[in-house]
Amino acid sequence: MPIAANCALQRAGRVADDIVASIVFSDRVSLTRLSLSGNALRSRDIYVGDESPCANSGGGVDLNEGNRRIRMKTRYLVCATALALGVTLAYAAGPTDPQIAAIVVTANQVDIDAGKLAVSKGQAKEVKDFAQRMITDHTGVNKSATALVTKLKVTPEPNETSKSLQKGGDDNLAALKKLSGAAFDKAYVSHEVTYHQAVLDAVDKTLIPNAQNAELKALLVKVRPAFVAHLQHAKELQASLEKGSGG
């Protein structure tokens, strides 16, 4: 069944309030509630709809294979959701340049790590090729970012958003390592679609607008087209994989 992942993120009043991300998988609806403790993002799964794990007659959790797959697909979206929410909400006055530098480096490294796993575990040649492109392109961005902050004598400042990104990346790797073959390919590519969309949203709505240094802002603007191309490539690959499996 094609994954129609549509993350609708909404702010629930104050920064300390819970944020709900609705994640739609075809006719199944799953909710991941991300809570902000201080600025730290925490998540737990909530399900609604007739096919939710809690919709069995006994009111308990039905851990059949189909629902376990839904839970796994939901986890793939958590790190991307954490990026969108973390960047938007963690800084009432906007992130500083050192914080932006840390977010950029972490966001790229997360995708590099996922790409390395896909190169070694992926089944389809086109998935491996895509993963290698992610490694090459995001490594290039990180080299440029590192060279710039060195030139500017800016030390990237770890922050709640960069930490949430790393945690999400680690969780994604752990989930992917449990898969193989076509299931791995689909899960990896699905995550890449969601992740790159979240990265683009963060770049456009938070990182570029809040970058104070002109050269840092220029770097973000320069690398943006590559992220757009990655997203389009990932969407095309996702459609091809789904078509190849008969939907």
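The values are calculated or read from the model by the stated rules, or taken from the named source; none is laboratory data. Just so you know, these numbers come straight off a predicted model, no measurement behind them. Neighbour counts run over all protein chains shown; Cβ positions are idealised from the backbone, glycine included.
So the values come out like this:
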{"quantity": "Only one of THR206, THR161, THR155, THR194 that is in contact (Cβ under 8 Å) with a residue 40 or more places away in the chain, exposed (fewer than 14 other Cβ atoms within 10 Å of the Cβ) and within 20 Å of GLN109 (Cα to Cα)", "calculated": "THR155"}
{"quantity": "Per-region count, the range 106-127, residues under 15 Å from ALA234 (Cβ atoms), over 14 Å from the mean Cα position of the chain (by Cα) and in a helix (DSSP H, G or I)", "calculated": "3"}
{"quantity": "Cβ pairs under 7 Å, 6+ apart, first in the range 164-181 and part of a helix (DSSP H, G or I), second among the hydroxyl-bearing types (Ser, Thr, Tyr)", "calculated": "LEU165/THR106; GLN166/THR106; ASN172/TYR76; ALA175/TYR76; LEU176/TYR188"}
{"quantity": "Pairs, first outside any helix (DSSP H, G or I) in the range 87-105, second crowded, with 23+ Cβ neighbours inside 10 Å and modelled with pLDDT under 95, C-beta under 6 Å, six or more apart", "calculated": "ALA90/THR161"}
{"quantity": "Pair list, Cβ < 8 Å and 6+ apart or interchain, from the range 222-242 residues that are surrounded by fewer than 19 Cβ atoms within 10 Å (Cβ to Cβ) and of a type in the set (S, T, N, Q) to residues that are assigned to a helix (DSSP H, G or I) and modelled with pLDDT of 95 or more", "calculated": "SER240/GLU126"}
{"quantity": "Test: residue in the range 230-245 that is closer than 16 Å to ALA107 by Cα, part of a helix (DSSP H, G or I) and modelled with pLDDT of 95 or more", "calculated": "yes"}
{"quantity": "Unique match (being basic (Lys, Arg) and over 22 Å from GLN99 (Cβ atoms)) among LYS243, LYS217, LYS205", "calculated": "LYS243"}
